[in-house]
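Contents: one structure, followed by commentary.
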Amino acid sequence: MPAYRRIISTFRSLFRKEELDRELDEELASYLELLTAEKIRAGMSPEEARREARLELGGVEQVKEKVRERRVGAVADTLFQDTRYAFRTLMKNAGFTVVAVLILAIGIGATTALFSTINTALLSGLPYKDPDRLIVGLKTWDGAMSGPVSRVDYFDYREYGRSFEELAALATFTVQHTVMGGRRPELVDAGYVTWNLFRTLGANPVVGRHFQPEEEMPGSTPVTVISYGYWQSRFGGDPGAVGSTLNLNGTPFTVVGVMPARFRFMYDADVWRLVDREGPFDTERDSHSHFVVGRLKPGVTLEQAQGDVDAISSALAEQYPDSNAGKALLLAELQSFMVRDVRLSLLLLMGTTVLVLLIACGNVAGLLLARGERRLSEMAMRSALGASRRRLLRQLLTESLILTVVAGLVGITVAYLLQGVILQLLPIGELGMERPVIDSAALAFTLLVSIVTGLLVGVIPALRGTTTDPAQQLRSAARASEDVRSSRLRSGLVVLQVALSVALLIGSGLLIRSFAELSTVDLGFDPENLLTGQLQIQISQYPTTEERNQFFTSLLEEIEALPGVVSATVANRLPIRSRWQDWSIWPAEQPTPSPQEDFSAMARWVPPGYFETMGIPFISGSDIAATDVPGSPYVIVLSEGVVRALFGGSNPIGRMVNVAGWRTFEVVGVVRDARINTLRREPDAAFYMSHAQMGPSSAQIAIRTSVEPTALVGPIDDLLLRKDPNVLFSKVRTMASVLDDGVADFRIVILSLVLFSFVALVLTAIGLYGVLAYHVSQRLNEIGVRMAMGASNGDLLAMILRRGMLLAGFGLLLGLAAAYPGTLVLRQLLFETPPLDPATYVGAVGFLGLVAALACFLPAWRATQVDLVEVLRKE
Amino acid sequence: MAEAKTDLLRGTLDMLILKTLSLQPLHGLGVSQRIQQVTGGVFQVKPGSLFPALHRLEQEGWIEGSWGESANNRRAKYYRLTSAGRRRLGEEKRNWAQVVLAITKVMEAT
């Protein structure tokens, strides 16, 4: 039978059931008539014939039922019946249904909201083709991880490596380029990549093409691939941008392609240009500033590839012992390398979501159990009337599934609302991430969660509700006593809920404490009222160091004259805003240390007054002076960390140090270490050279204000425009917002966790309340009797409260026991907060205890309001 | 013994109905009377098994029912074989021949 006919007849029997039944009636009637006629013809009297024919036909209803059972759509039909019946029962108990649906909707909605947030913000971070074949290569010294790879070494690996389909490299940092032409000059971040980087990742441009191998050759026409964002801002998304010329730092580049909107690798870049065999970075094998990224050939394992590059590393070590002895390339999966920082947060959030959903499930399972008890007599009746246990189970499961699927639908609405809250709390939009939306993936997720939840909450109550012996049940149905086993089950569920909630509360408490520590951590400089920005002057306008120094000195003076400005300074890199740039440094009288043994610290160059403006305290010696200009002896200010490493405890003032083998400096002062790279690292060791002696054409500017820092953006911009319209003043931000970015990821985790703990707490309170309220309703008789015997309101209150607090207490103990191993997982995220922080534990227990007491009080108070006469009359 | 007889009937009822209808369209009573008559009363098809089988076969598309007049001017639902039913009958016949052959071999084995 062809499939379509089967489908048609199934539908026919489902939707034309009445018509089919009528036709069957007619057919049977005609059968009876024909048979009667036959029998009359055979000589029977009409009455006799009619009776005989009836007997022969048997029960008309039975025949009809048999026909119905054999119809194609029979299974679908009972499902239909179950569903209709389930809807009817659920509608009849509207109160129960609404509460159960709401609880589940909160659980499912929260899960969906977080899922879609995680899905867009964190999970879809690797939009590359076959990501499992992508690897990253990092340099090791004598087996110890060390980081970036030398460009010169990379080209050898690329040439001799046999395990890779492609092996690409990119510089570990972007370089700012000035784009001339257009309305105003502007600054862009350029990423340096080898020609095959995009090919390796399997990321294709949306317009144009990516780089070609011959474009890497020295002397070929300069080409660039631009980002989607820059395409929009500079070219307005015009496809004609491909083929046009972009003037980068005075050199015309031909735009050959535009990368997709969400393309990002390692860091954000506006344009990409080529690394080639001549540079620009790592002129020697002992300079290391590139990431290596590769795509394994199909079928080649990471181990095989590692063996392959190890052979190359040893060959290089033999050939270039000075630079390559003990150096090797360690391969790792790109995916695990990229998500190493967020993996823990992700696991944590996922785990939390599951816990919250479990708590919601516990509530609904408790409700279903309670209701199952009330329906025992109904079930007994149905089973006495011949319904099989399977049929009853199916009926009950259909009910809970309908409940959860409806809850899932409502949950989607909840998810929309919650997502609004999440988006308001989290800086996701600001970070330039795609705004999370509840998409088809999230909806599919919701559906899956709903169905799994339905089975989860339905199975145990359904099994419990259909086990009892119908005869016994029918006999005792009139008596409303609490079923001990079922009540124990529900109490167990509440204990688990309390335990999960308290564990969640402790977890979020610890994270909040860490966050507070992090926000109040001593940075080593003062971030308040500090406006920062990027400055770039055209080197063609200021060809000499003197001219450039003159510009910066006069600019700082003019800015300091503005109302609301306390002081202003510049630096090659401001703390937190820009990281790293660590150079080696050693006492000048010592020989150059080997690359494995050298000490490096953050290299900064600053004008006089920098430390005062930034709020970095002096320990000894003096500041860089206005007289420390080119031609005068080179001076340097060290931070304590450098002094400790280089000179032990002895006074360094007046000693000479060698920086990166470049030149020697006289130490004039010592300042405190400050957190230069990130909040989470210990304060970094740094050394500060004279800005004037370095004579750069670009700098980051910091302005200490006595007013709201953003109020000065306009006046400074005006001042610059008057002074020199070709100066680029960009990426203006307050230090406070820079710091905010540093903790943004952490804040996502914390806010989600707090939100979820709150939902968990509410659900647990509802669960406790539900169990106790039911408990009270089942003990009404007993309470009535106790009242009659003279129990006071206080006695009754205490009796019910004791039971509730007993449950909560068990849950608290269990939760405390579970929290400790749980917080060990958190340890990595904690900041100066011990996993066993007593304040957090006490706070969480106290808070939950309070909420539990409130949830218990209402039913207990109800117990005291029982109308004695009413209860006793019922008895 | 009676049980075994109905089992055999159950397995082959479809085939018997199809075969019967392949000769001429008949109404329900006609089908059961024809089977009883041809088998010399060995198979008596009761309405309780006849109608479910007829409706099943109709849903499968092997037979087609339409209302018509009986010989003595009474309304009755007549069933006739469709072309799909004819093919089905062919298959059933081949299967049946195989079953009979197999059983005969077993029973005659010495």
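A compact table of results
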item	result
Ratio of the Cα radius of gyration of chain A to 2.2 N^0.38 Å, where N counts its residues	1.33
Sorted by Cβ density within 10 Å, fewest first, the residues A:Val727, A:Val98	A:Val98, A:Val727
At 1.002 mPa s and 20 °C, Stokes diffusion of the range A:792-834 via Kirkwood alpha-carbon radius, µm² per second	167
Whole-number D in µm² s⁻¹ for chain B, Kirkwood Cα-pair radius fed into Stokes-Einstein, 10 °C, 1.306 mPa s	106
Estimated 222 nm signal from helices in the protein assembly as shown, with DSSP H stretches of n ≥ 4 weighted -39500 (n - 2.57), rounded to 500	-18500 deg cm²/dmol
Ranked list, fewest to most other Cβ atoms within 10 Å of each Cβ, for A:Lys723, A:Lys139	A:Lys723, A:Lys139
Compactness of the range A:131-338, expressed as Rg and Dmax over alpha-carbon positions, Å	17.6, 55
Acute angle (nearest 10 degrees) that the helix A:744-778 long axis makes with the longest principal axis of chain A, alpha-carbon atoms	20
Ranked by how many other beta carbons lie within 10 Å on average, peptides B:33-41, A:667-675, A:757-765 from highest	A:757-765, A:667-675, B:33-41
For chain A: relative contact order, % (alpha-carbon pairs under 8 angstrom, 6 or more apart)	14
For the range A:730-849, fraction of C-alpha pairs farther apart than 25 Å, in %	49
Angle between chain A longest axis and helix A:60-70 axis [Cα atoms, degrees, rounded to 10]	20
Partners for A:Lys297 among lysines (Cα-Cα distance below 26 Å; same-chain residues under 8 apart left out)	A:Lys129, A:Lys139, A:Lys327
Furthest towards positive pole of dipole, A:Gln232, A:Met217, A:Thr840, structure part chain A, Cβ charges	A:Thr840
Projected area, mean over directions - the range A:515-635, Cα convex hull, nm²	11.2
Cβ charges +1 (Lys, Arg) and -1 (Asp, Glu), total dipole of the protein assembly as shown, debye	6160
Shielding score for A:23-29, defined as the mean number of other chain Cβ atoms within 10 Å	4
Size of electric dipole in the range B:2-108: Cβ of Lys, Arg +1 and of Asp, Glu -1, about Cα centre, debye, nearest 20	200
Under 21 Å from A:Lys731, Cα to Cα: lysines that are on another chain or at least 8 residues apart	A:Lys723
Positive-end residue, the range A:131-338 charge dipole about Cα centroid, Cβ charges, pick of A:Val300, A:Leu187, A:Leu330	A:Leu187
Rounded to 10°, Cα long-axis angle of helix A:3-15 versus longest principal axis of chain A	60
DSSP-defined antiparallel bridges as percent of all bridges, the protein assembly as shown, nearest 5	85
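FYI, it's all coordinate maths here, none of it is from the lab. This one's a predicted model, so the numbers in the text were calculated from it and none came from an experiment. Cβ coordinates were reconstructed from backbone atoms using ideal geometry, including for glycine residues, and neighbour counts include every protein chain displayed.
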